[in-house]
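Right, one structure below, let's go through it.
Each reported figure results from applying straightforward, stated rules to the coordinates on display, with no laboratory input. A quick note: this is a predicted structure, and the numbers were derived from the prediction, not measured. Backbone-built Cβ (ideal geometry, glycine too); neighbour counts: all protein chains shown.
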Amino acid sequence: MKAIRKFTVRAVLPEPLVALEELAGNLRWSWHEPTRQLFEQIAPELWRSIGTDPVALLGAVDPARLDELARDQDYVNAANAMRDDLRDYLEQPRWYQSLEGEKPAAIAYFSPEFGIAAALPQYSGGLGILAGDHLKSASDLGVPLVGVGLFYRAGYFAQSISPDGWQMESYPLLDPDGLPLSVLRRADGSAVQVSLALPDGRTLHARVWQALVGRIRLLMLDADIPENPDDLRLVTDRLYGGGGEHRLLQELLLGIGGARAVKLWSELKGYPEPEVFHTNEGHAGFLGLERISSLIGEGLSFQEALQVARAGTVFTTHTPVGAGIDRFDRGLVRRYFGTDLLPGVNVDDLLALGAETYAGGSPDVFNMAIMGLRLGQHANGVSTLHGEVSRKMFSGLWPGFDPSDVPIGSITNGVHAPTWTDPALLALAQNRLGAADTSTADWNSPAVTDEDLWSVRGQMRLQFVEDARRRLLAAWQEQNPGGIAPAWINGVFDPKVLTIGFARRVPTYKRLTLMLHDPERLRALLLHPTRPIQIVIAGKSHPADEEGKRLIQKIVQFAATPELRQRIAFLPDYNIAMAQLMYPGTDVWLNNPLRPLEACGTSGMKAALNGVLNLSILDGWWPEYYDGKNGWAIPSADAAGDSAERDRMESEALYDLIEHHVAPRFYERDADEVPTRWVASIRHTLATLSPELSADRMVREYVQKLYRPAGHYENLLSTNNFRAARELAAWKGRIFAAWHGVAVTHVESGGVSAVPEVGDDLHLRAHVQLNGLLPGDVTVEVVYGRSTSGDDLSETNTQALQPEMENPADDATGSADGGVPTLFTGTVELDRAGAFGYTVRVVPRNDLLISPAEMGLVAVAS
Ligand SMILES: *Cc1c(COP(=O)(O)O)cnc(C)c1O
């Protein structure tokens, strides 16, 4: 296939307007409403049709219009003031600068996709948008982050729908010169290049694009350069395009090339090198190997280097769905690393990091998530429920421990409020409530009446309805070039009708078509004579996912029914620009995944920030925040025997909720046509959820719970020429070697009454065989709690037992033979009535471990 190569000629701005160039060159415009208005004023119609993109706007606008503005002193002053505001934003201390104590000087954040603005389409869905939101909030908070990703020449793909409802993909090429990007160069003007050694003596080269996201630099590696042969230029052709080898090449470039690029970038610019490396999902996990290789270059062994790399690495897992995890053929990985790619790293050591060593794992596979957990001492899921699910899912890596001990925490995602809050709602908070933003506004104040709030909601609904019609019209015209569009398109959706939104990627677990389970029932809801609903649907299916495309086709065909087509519509090419109008324009945001497969789900959060009520299965973020007043919970039938039965039960619950609760509440109006009870829920949602769901809250948590500890441990291990890292590696070696002989041989108990009562003391004496280890190398502890079913304990506590100097020679030297048991004792107070159970176990102990389970070693009393 031949693609047309395009290039963009950048506009030369009249001198009085140079401030616009600086403003267009920093993506802060994408979330800074006053800057957006400044660009919009240049040519409002063009601004909208071009997709709110300053660089494109300045390239396309009539130069005469620019000359006119250059003579308009008010406009020139406004542009200069805005540029000064940007400079202040970039330079002044913010939240991070006010933090006391040890904190990392720089953090590198790696992600395969970044969704920052529609103008930079380098994302497929939630993972990328989250990464974009993370950078933006890091910028707002002054966190010294640098983003690392790839630059995909065709982004993900553009979606259109054929007349028979089938998804069609196209891959229009992006021109980086037409985007707010610049090539990373040395002082002498030469472009920085990163190179990776490949099998058969080949080399992959990449240049580095930089984007400015407020205070944050985003580096994007691009293989489409003349130094590469044709096949390697395609390594960064598109996001999630190929399988196997192509995907591996992308991830090598992202992880290894990315780590090299950050290093070069900080050297060139004089920035501190990152102390903390955060990998957003496993795709970028090879970065840890590059760090190991470079530490080996500084004189460490593999094990020593591994300790340092682990200490400074944060791994976030984003999905409990197997298909979301990269698993490469082990032979392929061996071939790629059996080269000069990573000097000093033995390929077998490396392969061991990605081995599925647990029951049910495959010996032929290299698993990126497993490597992520082995290379990242700090790991998390993205909602409380997902943390729990992840601990269970990966518990095979920590055999002998309860899932609750698995060292994976959770930080619930958030969304970047300035990006995702409609300007009309923001204006209401600022003008009427005197708040800087919607999250600090007092939404219960009478300064905003029910009528005011309802009228802004109506405005947002209307704005969305108009956008939906434009999009449907454009799609029709693309399918029928030159034809006269049918009039009904202009009547799609009614700006007064209860509007339900459902937009997301289309993997099977998200159940796009659950609403079609009983088509008659859905029809009746859509066409209800007094309480009708309307539904907008959007989403892309992965190009290789035929099942997903069939689901889209079912929806499109249903929505094509003449009597329904003005009440339900599928909008092609879901993206940020569409989402920014769609979320605020709906009344209810629907989410009906198969619980618990939705790790978090952020679209409902973006909706809530705009006063939209959620109607969702209790999955992802919703169980944490649903409170009975901010929306509805669709009961899930997790226990239903088969999936068809489950779909039936859950879809019926959905119809019932809409029919008996949602629609009646929406159409219950006072004398002025205001649904006062509904508006009360909107106020409650805005007041309680806006602060909680914001990415600022999320990024603060990342800083406090993960980045600071990671920086701390990485520093501890690195100072004094890596002394602690060398000691830790040696200590772990000793522990691993001795562990097979560590055991709890015998536990004696006493102290409780014949009929145990609350307040009794349980005295424990545990005899432990240490096999040559010192008492200080281990923690002997009692784990106790409620004894529920079988061998399970719930609501557990642990308490360390103390060594008794029963055998002083043994304790003093640690050289006694492994057969001599050592005594550990302690007392537990029975503080609760009910079934009590306990067990005694031995785990390794070292101040540099963050969890007793970390090494996956435990000896439990039999
Ligand atoms: C927020 C967002 C998503 C992710 O939504 P989920 O609820 O996590 O599925 C996907 N695409 C776009 C364009 C978004 O804005």
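Longer than 19 Å from Cα to Cα, which of 392/705; 510/554; 136/606 are they? Say none if no pair is.
Beyond 19 Å between Cα atoms: 392/705.
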Helix-derived mean residue ellipticity, 222 nm - over the chain, DSSP H n ≥ 4, -39500 (n - 2.57), to 500 = -11000 deg cm²/dmol
Using unit Cβ charges (K, R positive; D, E negative) and no other charged atoms, how large, in debye to the nearest 20, is the dipole of region 491-568 about its Cα centre?
-> 180 debye
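How many Å³ per residue does the convex hull of the Cα positions in the chain occupy?
197 Å³
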Residue by residue through region 789-803, the couplings from Karplus 6.51 cos²θ - 1.76 cosθ + 1.60 with θ = phi - 60°, in Hz, x for Gly and Pro, are 9, x, 8, 7, 10, 10, 6, 7, 10, 10, 9, 6, 9, 9, x
In debye to the nearest 20, how big a dipole does the chain give about its Cα centre with +1 on each Lys and Arg Cβ and -1 on each Asp and Glu Cβ?
-> 1780 debye
To one decimal place, what orientation-averaged projected area in nm² is obtained for the convex hull of the Cα set of region 15-91?
-> 4.6 nm²
By counting other Cβ atoms within 10 Å of each Cβ, how are 502, 666, 114 ranked from fewest to most?
-> 666, 502, 114
Against the rule of thumb 2.2 N^0.38 Å, how large the Cα Rg of region 446-693 comes out = 0.98
Interchain or long-range residues, amide H under 5 Å from residue 156's placed H | 123, 239
Where nothing but the Cβ of Lys and Arg (+1) and of Asp and Glu (-1) is charged, how large is the charge dipole of region 104-410 around its Cα centre, in debye to the nearest 20?
-> 440 debye
What number comes out for the charge environment of residue 623, summing +1 per Lys or Arg and -1 per Asp or Glu over other residues with Cβ under 12 Å away?
-> -4
Placed amide H near residue 535: partners under 5 Å, 5+ positions off or other chain = 500, 568, 569
Heads up, region 104-410 by the C-alpha gyration tensor (a ≥ b ≥ c square roots of eigenvalues; a/c under 1.5 rounded, else a/b over b/c prolate, else oblate) looks rounded
With θ set to phi - 60°, apply the Karplus curve 6.51 cos²θ - 1.76 cosθ + 1.60 along region 436-445 and write out the HN-Hα couplings as whole Hz, x wherever there is a Gly or Pro.
-> 6, 8, 6, 7, 9, 6, 8, 6, 8, 6
All aspartates and glutamates inside 15 Å of residue 103 as judged from Cα atoms, apart from same-chain residues fewer than 8 positions distant = 273, 275, 701, 714
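Using Cα-Cα distances under 8 Å and only pairs 6 or more residues apart, what relative contact order does the chain have, in percent? Display every interim value, and only then the final one.
On the way: 1628 pairs, mean separation 92.9, N = 862.
In percent, rounded to a whole number, it is 11.
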Listed residues 580, 637, 552: farthest to the positive end of the dipole of region 531-658 (Cβ charges) | 580
Could you work out how far the C-alpha centroid of region 503-568 sits from that of region 676-699, in angstrom?
-> 28 Å
Using θ = phi - 60° and Karplus 6.51 cos²θ - 1.76 cosθ + 1.60, couplings along region 23-40 (whole Hz; Gly, Pro as x) | 5, 6, x, 10, 5, 4, 3, 5, 10, 10, 4, x, 5, 4, 5, 4, 6, 4
Would you mind ranking 86, 27, 332 by Cβ crowding within 10 Å, fewest neighbours first?
-> 332, 86, 27
Could you work out the Rg to Rh ratio of region 390-533, with Rh taken as the Kirkwood radius (inverse of the mean 1/r over all Cα pairs)?
-> 1.11
Would you please give the residues with an amide H less than 5 Å from that of residue 415, counting only those at least 5 places away or on a separate chain, with H modeled from the backbone geometry?
-> 694, 695
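If we count other beta carbons within 10 Å of each Cβ, what is the order of 603, 266, 445, 651, fewest first?
445, 266, 651, 603
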